[in-house]
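S.K.: Below is one structure. I have some questions about it.
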Amino acid sequence: MRRKILVIHGPNLNLLGLREPEQYGTLTLEEVNRRIESFAREKGVEVEIFQTNHEGEMVERIHGAMGIFDAIVINPAAFTHTSVALRDALLATAIPAVEVHISNIHKREPFRRRSLISDVVVGQVSGFGPDSYILGLMAAILMMERRDEG
Ligand code: DQA
């Protein structure tokens with residue numbers, strides 16, 4: 001059975017590479033996406049990648065994933081700390097999700113330590129630079145394998 005994972009990047013992540021490189025590294029979003037795609041290919045899973053700067057678009061993309069994707073790997077960026085709508089979309093669709101952050105949000109400003117989705121996702125990966133996405137994908141793949149083992 002072919003497994004499908006939706007990867008979502010939130011606001012300002014289109015500026016990766018330029019944006020606060022000391023926090024987020026120097027790889028561009030395009031380069032991070034190539035790594036995600038190549039890892040997915042290696043593991044034999046299908047990925048679709050989506051970036052948005054808009055909360056409503058993120059919510060609608062999650063709704064649209066119902067019945068199509070087996071798992072979501074999501075870096076909601078700033079919406080992590082603010083969006084009840086995002087939390088509700090994850091709850092409503094009940095698609096197993098892995099929360100990902102490039103930086104370690106627990107080592108930063110106090111407002112970043114609070115995630116409004118951490119208790120509705122399966123788990124969180126935070127602080128491994130762009131490899132957080134790879135670890136997040138790995139977690140999603142293992143999660144699907146375990147589920148299918150029964
Ligand atoms: C981020 C952390 C958030 O606090 C921040 O708003 C981001 C990126 C990360 O990947 O480390 O935009 O999600």
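S.K.: Go through (1) in contact with a Gly (Cβ under 7 Å, 6 or more places away or on another chain); (2) farther than 20 Å from K4 by Cα; (3) not in a helix (DSSP H, G or I) for N53 and report which single condition fails.
M.R.: Against the list (1) in contact with a Gly (Cβ under 7 Å, 6 or more places away or on another chain); (2) farther than 20 Å from K4 by Cα; (3) not in a helix (DSSP H, G or I), N53 comes up short only on (1).
S.K.: Just to be sure, is F79 open to solvent by 20 Å² or more (accessible area, probe 1.4 Å) and either within 22 Å of M143 (Cα to Cα) or free of Cβ contacts under 8 Å to residues at least 24 places away in the same chain (or both)?
M.R.: Answer is no for this residue.
S.K.: Here's a follow-up. Among the listed residues V100, V73, which satisfies the condition of being touching a helix residue (DSSP H, G or I) at 6+ places or on another chain (Cβ under 7 Å), within 11 Å of the ligand (Cβ to nearest atom), open to solvent by less than 50 Å² (accessible area, probe 1.4 Å) and assigned to a strand (DSSP E or B)? Break it down into steps so the answer makes sense when it comes.
M.R.: Values: V73 fails: within 11 Å of the ligand (Cβ to nearest atom).
The unique qualifying residue is V100.
S.K.: Would region 4-27 turn up any residue that is open to solvent by 20 Å² or more (accessible area, probe 1.4 Å), in contact (Cβ under 8 Å) with a residue 60 or more places away in the chain and more than 15 Å from the ligand (Cβ to nearest atom)?
M.R.: Looking for residues that are open to solvent by 20 Å² or more (accessible area, probe 1.4 Å), in contact (Cβ under 8 Å) with a residue 60 or more places away in the chain and more than 15 Å from the ligand (Cβ to nearest atom), one finds at least one in region 4-27, hence yes.
S.K.: Quick one: in region 103-146, of everything that is of a type in the set (K, R) and either in contact (Cβ under 8 Å) with a residue 12 or more places away in the chain or not in a helix (DSSP H, G or I) (or both), which residue is most open to solvent (accessible area, probe 1.4 Å)? Break it down stepwise before answering.
M.R.: Initially, region 103-146 is screened for residues of a type in the set (K, R), giving 107-108, 112-114, 146.
So of that shortlist, the ones also either in contact (Cβ under 8 Å) with a residue 12 or more places away in the chain or not in a helix (DSSP H, G or I) (or both) come out as 107-108, 112, 114.
Values: K107: 165, R108: 30, R112: 44, R114: 142 Å².
Only one residue fits best here, namely K107.
The values are calculated or read from the model by the stated rules, or taken from the named source; none is laboratory data. Quick caveat: nothing in here was measured; it's all calculated off a predicted structure. Positions of Cβ are generated from backbone atoms using ideal geometry, with glycine treated the same way; all protein chains shown enter the neighbour counts. Remember, those area values only see protein heavy atoms, side chains included, never the ligands or the DNA or RNA. Shrake-Rupley method; radii C 1.70, N 1.55, O 1.52, S 1.80 Å.
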